[in-house]
Ligand code: 1GP
């Protein structure tokens with residue numbers, strides 16, 4: 001147990017998580033992107049997930065990813081329908097920034113027997129949505145409001161609560177395709193208050209933005225949309 005957590009999540013280190021949306025990753029895209037991940041020491045793991053899964057065959061998708069890429073594959077599920085035993089681990093996301101009971105405990109109860117059956121590593125992760133300058137899919141689908149981006153102290157209170165509850169990581173999320181990434185001052189405030197691996201994602205498109213997140217204290221930076229648009233960007237991140 002905790003093999004993936006120990007190898008991928010570290011409070012003292014920095015790395016990239018590459019997010020694959022199964023609905024937006026066709027064979028050509030996988031062929032262009034995945035072999036490069038093997039060669040990149042910065043890439044720690046592949047995340048697989050989306051807000052609403054439109055296409056069937058998640059098992060097959062994860063198998064295809066694993067056939068082409070040696071990095072661990074971690075599920076980043078929008079709901080319980082996005083579980084598959086083919087992955088190496090699961091971000092057991094608790095959307096602590098919202099007050100939607102389904103995303104605080106409901107989906108988790110539905111998923112728990114399957115996780116047990118699969119023998120899968122479930123990494124309890126405080127998922128905190130931060131306002132990013134635009135209305136995002138995750139805001140709409142989750143029926144939650146993001147925390148204002150100019151209120152780091154509110155973000156800190158949520159992250160601390162998750163830490164005291166025993167969660168194993170914090171994910172600061174701007175939303176896929178966010179206009180503005182999570183502000184450095186928010187990342188820094190959480191880093192100073194909470195001794196947990198810190199994941200930051202949403203709207204990261206350039207090396208400068210990724211470095212800003214790392215400098216502020218992120219351990220893992222998630223990049224999805226930018227690599228969907230241009231896999232060549234990986235070398236520049
Ligand atoms: C979304 O944080 C991830 O959940 C990645 O966002 O698609 O904007 O890179 P992007």
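Just so you know, all these numbers are worked out from the coordinates, no wet-lab data involved. Being a predicted model, the structure only gives us computed values, none of them experimental. Note that we place each Cβ from the backbone using ideal geometry, even for glycine, and neighbour counts take in every protein chain shown.
The residues listed here are 192, 211; of these, the one that is without any contact (Cβ under 8 Å) to a residue 60 or more places away in the chain, under 15 Å from residue 17 (Cα atoms), more than 14 Å from the ligand (Cβ to nearest atom) and surrounded by fewer than 16 Cβ atoms within 10 Å (Cβ to Cβ) is 211.
Yes/no per residue for (1) in contact with a helix residue (DSSP H, G or I) (Cβ under 7 Å, 6 or more places away or on another chain); (2) in a loop (DSSP other than H, G, I, E, B); (3) within 14 Å of residue 174 (Cβ to Cβ):
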{"site": "114", "(1), (2), (3)": "no, no, no"}
{"site": "117", "(1), (2), (3)": "no, no, no"}
{"site": "125", "(1), (2), (3)": "no, no, no"}
{"site": "129", "(1), (2), (3)": "yes, no, yes"}
{"site": "132", "(1), (2), (3)": "no, yes, yes"}
{"site": "135", "(1), (2), (3)": "no, yes, yes"}
{"site": "138", "(1), (2), (3)": "no, no, yes"}
{"site": "141", "(1), (2), (3)": "no, no, no"}
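When region 215-237 is filtered for residues that are more than 10 Å from the ligand (Cβ to nearest atom) and over 15 Å from the mean Cα position of the chain (by Cα), the ones remaining, listed by number, are 215, 216, 217, 230, 231, 232, 233, 234, 235, 236, 237.
Restricting region 163-180 to residues that are in a loop (DSSP other than H, G, I, E, B) and more than 13 Å from the ligand (Cβ to nearest atom), the residue that is farthest from residue 91 (Cα to Cα) is 166. Output the qualifying pairs, or none if there are none: Cβ atoms under 6 angstrom, residues six or more apart or on different chains, first residue in region 169-182 and more than 17 Å from residue 9 (Cα to Cα), second residue more than 10 Å from the ligand (Cβ to nearest atom) and part of a loop (DSSP other than H, G, I, E, B). Within 6 Å, the pairs are 179/133; 179/134; 180/133.
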